[in-house]
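Shown next, in structure tokens, is the structure this report addresses.
The values are calculated or read from the model by the stated rules, or taken from the named source; none is laboratory data. Since this is a predicted model, take the numbers as computed values, not measurements. When we count neighbours, we look across all protein chains shown, and the Cβ atoms used for this are built from the backbone with ideal geometry, even at glycine.
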Amino acid sequence: MTRYKGLRIISYLAPNGLGFYQAIAAYLGRVLGIETQLEQGECDPLEDPLLFQDQLDLAFICGLPLVRYSQIISNQLQTLVAPVLQSSRYGNCPIYYADVIVNADSNIKKFADLLGKTFCYNDLGSNSGYNLLCHRLIQETYPHNFFGKTIQSGFHQRSIRWVVEGLADCAAIDSVVLEQELKDFPELSQHLRVVEVLGPSPMPPLVVAQRLGISLIQQMQLALLQPDAELQRVMEKFGVRRFAAVKLENYQILNKIYRDRSFVNLS
């Protein structure tokens, strides 16, 4: 494969935010005066040979796979910024939640009512879709085999549809993904109800390959902390207030939760 000559960028996050990530890539291209190429990741970052071969320049990535990857290869990626959302629930901080959803017509009113139900998750490596829910079960000392059945959907938007269609009783959804999906498809709101909120967790960051050098990395970070009017318009559309500088250590708590979850068997 020919090495791309501009900035090669990948998003491992939910596809319904791709327009936002494209705007960031285009903005960095304008500021730096170089071409950018954004791809939607089609596999777990921990299984992506492009990442392990250091062929990616920037990546939008969830905090959990980031800290797990950094334990394998420690000096490849550096955190750049993370979005801060406009909604008051986020307190002007780079955080997000996992919203546990059920069908609005179900008789499930609280978290304990999920005992014996069918739970769907996007993937086992997901912080919002799986990790935080395991942590909640540990905190509350719920029994092993809490759910009657667990099924993997592949991504958050499919989990949402499965709950709406009755194929699953519940799912834990990244709050940012859920809010965007309800903006894009407002008819979904009448079919869903949130019964529990898990978190907060540090917001998925944009990371950069350290081999690009301190000068370029600092230039990109400063540019994102001071976005131009064109990028700000897209940020407004996606409910983003600003970007905040973040560090890798901000995400280490997610790995502790991940290690603890080995004591939980969901079904």
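Of all the residues in segment 149-180, those that are polar (S, T, N, Q) and part of a loop (DSSP other than H, G, I, E, B) number 1. Kindly check whether there is at least one residue in segment 238-252 that is touching a residue at least 40 places away in the same chain (Cβ under 8 Å), on the phi > 0 side of the Ramachandran plot and assigned to a loop (DSSP other than H, G, I, E, B). Yes: one or more hits. Among the residues examined, Val195 does not qualify as in contact with a helix residue (DSSP H, G or I) (Cβ under 7 Å, 6 or more places away or on another chain), in the same structural domain as Glu42 (by TED's automatic domain parsing) and touching a residue at least 24 places away in the same chain (Cβ under 8 Å). Name every residue in segment 101-121 that is assigned to a strand (DSSP E or B), surrounded by fewer than 21 Cβ atoms within 10 Å (Cβ to Cβ) and in contact with a Lys or Arg (Cβ under 6 Å, 6 or more places away or on another chain), in order of residue number. The one that is assigned to a strand (DSSP E or B), surrounded by fewer than 21 Cβ atoms within 10 Å (Cβ to Cβ) and in contact with a Lys or Arg (Cβ under 6 Å, 6 or more places away or on another chain): Thr118. Criterion applied to Phe147, Phe185, Phe155 was being under 24 Å from Asp48 (Cα atoms) and either in contact (Cβ under 8 Å) with a residue 24 or more places away in the chain or surrounded by fewer than 21 Cβ atoms within 10 Å (Cβ to Cβ) (or both), and the one residue passing it is Phe155. Taken together, Leu50, Leu85, Leu13, Leu18 contain a single residue that is under 25 Å from Arg158 (Cα atoms) and surrounded by fewer than 18 Cβ atoms within 10 Å (Cβ to Cβ), which is Leu18.
Selection within segment 188-221: residues that are touching a Phe, Trp or Tyr at 6+ places or on another chain (Cβ under 9 Å) and within 19 Å of Tyr27 (Cβ to Cβ). The member of this set that is surrounded by the fewest Cβ atoms within 10 Å (Cβ to Cβ) is Gln221.
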